[in-house]
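Working notes, beginning with the structure itself.
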Amino acid sequence: MTRNPITKEQLRSKKWFDDVEDPGMSALYLERYLNFGLTREELQSGKPIIGIAQTGSDLTPCNRHHQDLAIRVKEGIRDAGGIPLEFPVHPIQETGKRPTAALDRNLAYLGLVEVLHGYPLDGVVLTTGCDKTTPACLMAAATVNMPAIVLSGGPMLDGYHKGRTVGSGSIIWEARQQLAAGELDYEGFMELAAASAPSIGHCNTMGTALSMNCLAEALGMSLPGCASIPAPYRERGQISYHTGKRIVEMVWEDLTPSEIMTKEAFENAIVLASSLGASTNCPPHLIAIARHMGVDLDMEDWQRVGYNVPMIVDCQPVGRFLGEGFHKAGGVPAVLAELIAAGLIHEEPLTVNGKTIGENCREAFTHDREVIRAADEPLLQSAGLMVLSGNLFENAVMKTSAIDGAFRKRYLEDPEHPNVFMGDAIVFEGSEDYHSRINDPDLGVTANSILFIRNCGPVGYPGSAEVVNMLPPDSLVKQGITSLPCAGDGRQSGTSGSPSILNASPEAAVGGGLALLKTGDRIRVDLNNRKVDMMISDEELAKRQAELVLPELDNQTPWQEIYRSMVGQLSSGACLEPATLHLRIIDNKGLPRHSH
């Protein structure tokens, strides 16, 4: 594709470091950037200055190796004629941050927007990996709309324990069942968990981290094949170098996110998510990125575009294989090639390498048919997330690809009402309440119960916690009933294979239907019509609504209070609503004011 290149005079950084019309300000901006060894020759050379948004640190082990990969990125930038400047991004570690890492996605986004807009940068390499780092970086790049490219860190090597593969995250949920059944002790639990994390990198399962980095590639925001390369492989360092080279070219081409992340590109990402059996956290993240890009995308798009897509990737948590197997089978390009052949992908959207997604992936080859199937020989025919509604919520999602044989037989194979089940609600007021009461025999949990958890959404928790995949009481687990229907206004880990009904919006803390639910209410779940309802009269519903008192929110930090005052619901991306009004800042607002 032929593009009109920009000139040296059009570089943003020149307005900081080499503005002959304002020598006083240029001198002020320039002098302090010389104090660690940069030269006037470099900063006033007319070379693009490229930011490296560094998400790796000791607090973010999933992304920590980006500190090493950044060396290769810088070498690529230098060899392409650019000047690299590395800077930190607010840390987001899914397994380290309390009360939930989701709380910090929007905080990292805000900080990155300010850096990209307010500093002398012409383009940026976005280092991604752990779950929320990918949407935070893409949301910021969309808002500012400067040339940007994603460099994911890649999954860990496959984990093994006593001869079998163990996937990160997924093995935790399995080990919890074994612990509850008395089949595993504390030391055994820790040993299993440790075995699932054998190297640098993010989750080696198709959890939120790998899912979102695959979706970033499908959006066109990373080089082909980037998402699946395991973190320790030599190819990870090589693609880091090529990413550094490419961002310099993108600056000269003025290739920005708005030309890449179009509505068609987002639809491609939804289709890919379904084919991967991807995380239920993908919808709020992808919708958030789209909103900051100014693209209309909602939950009905996930149902319309994604539900009837076949699942063709056999990866944990709903399949057998892990990240290394997925990469060796061909990764995202191979999956997209299968979907293109089936007519499920828009081939025209542009990508960061200047080619279309069709040009990049149409001829990609699948090297292992056990891991990546053909679209006409899928693991599951209609595998997308099902979007549900009813008097409990306006919408929620269910990962139907996670429904296993035992769950289907117990709840969905009534010959008179297939795919419909009834149950009695057991309601928990958050994760602490669940953990303290789930094994109370007086609670009366049976195989016919449906476990609900509320006040765990963006406002209620705050941040929306991964707590909906609730284990049954130990007494049921010991009987072999290892999963019950679960629902809630929080989320669940992408590494969980539970077919929960989650991301319920609006959440209980803002008066959603879940706030009116009581333990003992009869619940009807109808997957044929995508409905979930509490079977109470309109009069009783109105009475409960009139008597409803919302919970008092306890903010532990200033950010929690700010976040709660501005955040929207999971169905609309859980964005800071005022931030969604600021679109394409560089295009629409120009340069920031001078500092002195």
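The values are calculated or read from the model by the stated rules, or taken from the named source; none is laboratory data. What you are looking at is a predicted structure, and each value in this text was computed from that prediction instead of being measured. Ideal geometry is used to build each Cβ from the backbone, glycine not excepted, and the neighbour counts take in all protein chains shown. Ligands, DNA and RNA are excluded from the accessible area calculation, which covers all protein heavy atoms including side chains. Shrake-Rupley method; radii C 1.70, N 1.55, O 1.52, S 1.80 Å.
Some observations on this one:
- Distance between region 185-215 and region 521-596 - C-alpha centres, whole angstrom: 30
- Annotation for region 347-373 versus region 89-116: alpha-carbon center distance of 31 Å.
- When cysteine pairs in the chain are screened for C-beta atoms closer than 4.7 angstrom, the residues that find no partner are Cys137, Cys203, Cys214, Cys226, Cys282, Cys315, Cys361, Cys456, Cys486, Cys575.
- The apolar share of the surface of region 27-159, taken as the fraction of accessible area on carbon and sulfur atoms (1.4 Å probe, ligands and nucleic acids excluded), comes to 53 percent.
- Whole-Å semi-axes of the chain's equivalent ellipsoid (Cα gyration tensor): 42, 26, 22
- Backbone phi angles across region 115-125, fed through the Karplus curve with coefficients 6.51, -1.76 and 1.60 (θ = phi - 60°), yield HN-Hα couplings of 5, 5, 7, x, 10, x, 10, 9, x, 8, 9 Hz in residue order; Gly and Pro are listed as x.
- Accessible-area value, Tyr241, 1.4 Å probe, nucleic acids and ligands omitted, Å²: 40
- Put simply, when 210-216, 286-292, 176-182, 574-580 are sorted by average Cβ atoms within 10 angstrom per residue, most first, you get 210-216, 286-292, 574-580, 176-182.
- Remark: region 434-534 carries a charge dipole of roughly 180 debye about the Cα centre, counting +1 on each Lys and Arg Cβ and -1 on each Asp and Glu Cβ.
- Region 337-454 - charge dipole about Cα centre, Lys and Arg +1 at Cβ, Asp and Glu -1, debye rounded to 20: 100
- Directionally averaged projected area (convex hull, Cα atoms, region 222-278), nm²: 4.8
- Working note: Karplus 6.51/-1.76/1.60 with θ = phi - 60° gives region 582-596 the couplings 9, 10, 6, 4, 4, 5, 9, 10, x, 6, x, 5, 5, 8, 9 Hz, where Gly and Pro are set to x.
- Seen through its C-alpha gyration tensor, with square-root eigenvalues sorted a ≥ b ≥ c, region 254-402 comes out oblate because a/c lies at 1.5 or above while a/b is not bigger than b/c.
- Normalised contact order of the chain, rounded percent, pairs of Cα under 8 Å and 6 or more residues apart: 14
- The stretch between Leu581 and His367, if pulled fully straight at 0.36 nm per residue, gains 72.6 nm over its current Cα-Cα span.
- Computed over region 381-482, the P(r) tail beyond 24 angstrom holds 30 percent of alpha carbon pairs.
- Efficiency of FRET between Glu187 and Gln238 - r from beta-carbon atoms, R0 45 angstrom, step 0.05: 0.65
- Per-residue ellipticity at 222 nm, computed for the chain from helices alone with -39500 (n - 2.57) per DSSP H run of at least four residues, works out to -10000 deg cm²/dmol.
- Positive-end ranking of Gly220, Asn555, Asn308 along the dipole of the chain, with charges on Cβ about the Cα centre, is headed by Gly220.
- Among beta bridges from DSSP that stay inside the chain, the antiparallel ones total about 45%.
- ³J(HN,Hα) computed for each position of region 46-63 - Karplus, 6.51 cos²θ - 1.76 cosθ + 1.60, integer Hz, glycine/proline x: x, 8, x, 9, 10, x, 10, 7, 8, 9, x, 6, 5, 7, 10, x, 5, 10
- Report note on the peptides 531-541, 162-172: ranked by the mean count of other C-beta atoms within 10 Å, highest first, their order is 162-172, 531-541.
- Simple spin-label estimate for Gln556 and Ser595 gives 3.4 nm between the two label positions (7 Å along the Cα-to-Cβ direction from each Cα).
- Region 458-506: Cα Rg divided by the 2.2 N^0.38 Å rule of thumb: 1.24
- Which of Thr351, Ser389, Pro458, positive extreme of dipole for region 351-504 (C-beta unit charges): Thr351
- Seen from Leu138, the other residues with C-beta closer than 13 Å to its C-beta sum to a net charge of +1, counting Lys and Arg as +1 and Asp and Glu as -1.
- Cα Rg, Dmax (largest Cα-Cα span) when computed across region 30-146, Å: 14.8, 48
- Taking a sphere under 15 Å around the Cβ of Cys575 and counting the other residues whose Cβ falls inside, with K and R at +1 and D and E at -1, yields a net charge of -1.
- Unit Cα scatterers, Debye sum, region 1-71: log10 I(q)/I(0) for q = 0.15 Å⁻¹: -0.69
- Accessible solvent surface per residue of the chain, calculated while the other protein chains remain in place, 1.4 angstrom probe, Å²: 39
- Protection proxy ranking, peptides 305-316, 431-442, 273-284, 253-264, average beta carbon neighbours within 10 Å, highest first: 273-284, 305-316, 253-264, 431-442
- The angle between the Cα long axis of helix 133-144 and the longest principal axis of the Cα atoms of the chain comes to about 50 degrees, rounded to the nearest 10.
- Around Leu184: net Lys/Arg minus Asp/Glu count, Cβ-Cβ under 14 Å: -3
- Where the alpha-carbon atoms of region 58-212 are placed on the principal axes, they occupy 59, 33, 23 Å, in descending order.
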